[in-house]
1. If all Cα-Cα distances of the stretch 10-74 are sorted into 5 Å bins from 0 onward, what percent lands in each bin, rounded to whole numbers?
2. Between TRP46 and LEU29, 0.36 nm times their residue separation minus their Cα-Cα distance comes to what?
3. Once you list every other residue whose beta carbon is under 12 Å from the beta carbon of LEU13, what net charge do they have if Lys and Arg are +1 and Asp and Glu are -1?
4. Which whole-Hz couplings ³J(HN,Hα) result when phi for each residue of the stretch 40-56 is put into the Karplus expression 6.51 cos²θ - 1.76 cosθ + 1.60, θ = phi - 60°, listed in order with x for Gly and Pro?
5. Accessible area per residue for the stretch 1-67 in Å², computed with a 1.4 Å probe and the full protein assembly in place, what is it?
Amino acid sequence: MKFIREPIKSKKLWIVLGILFLLSFPWYLPAGSYEPLIYGIPYWAWIVLIVSIAISATLTFAIKNLWITDEDDSDGEENSPWNKN
């Protein structure tokens, strides 16, 4: 039996990505604010950069750990919890 699981069906992943997407736009900060400057870069730019890194890390985690295809069965066939027959 082939078991294929895709991260697109994970509700938790969509919730996390939605929160990170909302945080990636600095709409919640006061308009026109840019101080304090950190290494010459406004604080809101650091927030956007950190959230962008978090989105990348979340997507990488999802691809590596939540995406199970039939190709993965050939690599870890003995250790896979989905192959208990």
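The values are calculated or read from the model by the stated rules, or taken from the named source; none is laboratory data. Here the structure is a predicted model, which means the values were calculated and not measured. Every residue, glycine as well, gets a Cβ built from its backbone with ideal geometry; the counts of neighbours run over all protein chains shown. The area values use the complete protein model at the heavy-atom level, side chains included, leaving out ligands, DNA and RNA. Shrake-Rupley method; radii C 1.70, N 1.55, O 1.52, S 1.80 Å.
1. 3, 15, 20, 18, 13, 10, 8, 6, 3, 3, 1, 0
2. Roughly 4.8 nm would be gained on extension.
3. That works out to +3.
4. Once θ is set to phi - 60°, the couplings for the stretch 40-56 become x, 10, x, 4, 5, 5, 5, 4, 4, 5, 5, 5, 5, 5, 5, 5, 4 Hz.
5. Per residue, the stretch 1-67 has an accessible area of 81 Å².
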